[in-house]
Amino acid sequence: MVKFLFKFKSFVAILYILVRNHLPTPDIDIKDYELEVEIEGTGKTKVFTIKDLKKFKKEKVVAVVMCGGNRRSEMNAVKEVKGLSWSSAACGNAVWEGVRLCDFLKAMGVQSDENSHVILEGYDRDPTYTPFAASIPLSKAMDPRGDVILAYEMNGKTLTRDHGFPVRCIVPGVVGARNVKWLGKITISKNESDSHWQQNDYKSFNPSVDWDTVDFKTAPAIQNMPVTSA
């Protein structure tokens, strides 16, 4: 959580900017940064530097990123669930600038279809050296109106380390866990990501399911988030 203090004539306001991630924040030297892109089944792989990314047309999108656990405290009031007991504050809004993912993938020769997925893998890793990863439908990534951005700037400045420097993926309207920070690899695949956060977390079930009966394989991974007001 990043804290800012604002002083006005009659009061002092404190603004907290949410910082959320699952694994330790990596320390990436921009000179060494590489983004690998793989298209499964074709043998096609290409590596991009930050300079390569900046050769693409720069686009801008204003988007809220919201954690899938937002308002979990209200859920807990009905039935206990696991995870941080967020109120309505597990979200943040910003102006994101970078490369539209659809433009980027088209340049790689990728064509949209309704059955493929874009696997997004970060540089952040757990003690077993397994990276954080998630996936979104290829149809979302390739939709020009989907506004998916490979962002390297936030609010007119270079991304900070906590917010995903040097590149993160912004997927407007989709749960925060798919907005992968510290992006290191993009894979076009016929299958979803097999990561824990895609297969065994960020899924929803009806109220009759509890931790003794839950079967994560029976539910789709959360993608689109509903409009919320609090």
query = For the stretch 74-94, how many residues are open to solvent by 40 Å² or more (accessible area, probe 1.4 Å) and either small (Gly, Ala, Ser) or closer than 22 Å to Asp147 by Cα (or both)?
reply = 8
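Table: residues versus (1) in contact (Cβ under 8 Å) with a residue 60 or more places away in the chain; (2) among the polar types (S, T, N, Q); (3) touching a Cys at 6+ places or on another chain (Cβ under 7 Å).
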position	(1), (2), (3)
Arg161	yes, no, no
Gly164	no, no, no
Ser204	no, yes, no
Trp211	yes, no, no
task = Test Asn155 against the criterion of being open to solvent by less than 10 Å² (accessible area, probe 1.4 Å) and of a type outside the set (A, V, I, L, M), and give yes or no.
result = no
inquiry  = Is it the case, given these coordinates, that Thr218 is of a type in the set (S, T, N, Q) and either closer than 16 Å to Arg100 by Cβ or under 17 Å from the mean Cα position of the chain (by Cα) (or both)?
reply    = no
ask   = Given the conditions (1) open to solvent by 50 Å² or more (accessible area, probe 1.4 Å); (2) more than 23 Å from Pro220 (Cα to Cα); (3) of a type in the set (D, E, K, R), which single one is not true for Asp52?
value = (1)
message = For the condition touching a strand residue (DSSP E or B) at 6+ places or on another chain (Cβ under 8 Å), under 26 Å from Val227 (Cβ atoms) and free of Cβ contacts under 8 Å to residues at least 40 places away in the same chain, what is the one hit in Glu114, Glu97?
response = Glu114
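The values are calculated or read from the model by the stated rules, or taken from the named source; none is laboratory data. In this text the structure is predicted, and so the values were computed from the model without any measurement. We place every Cβ from the backbone using ideal geometry, glycine too, and count neighbours over all the protein chains shown. In case anyone asks, the SASA skips ligands and DNA or RNA and just uses the protein heavy atoms, side chains included. Shrake-Rupley method; radii C 1.70, N 1.55, O 1.52, S 1.80 Å.
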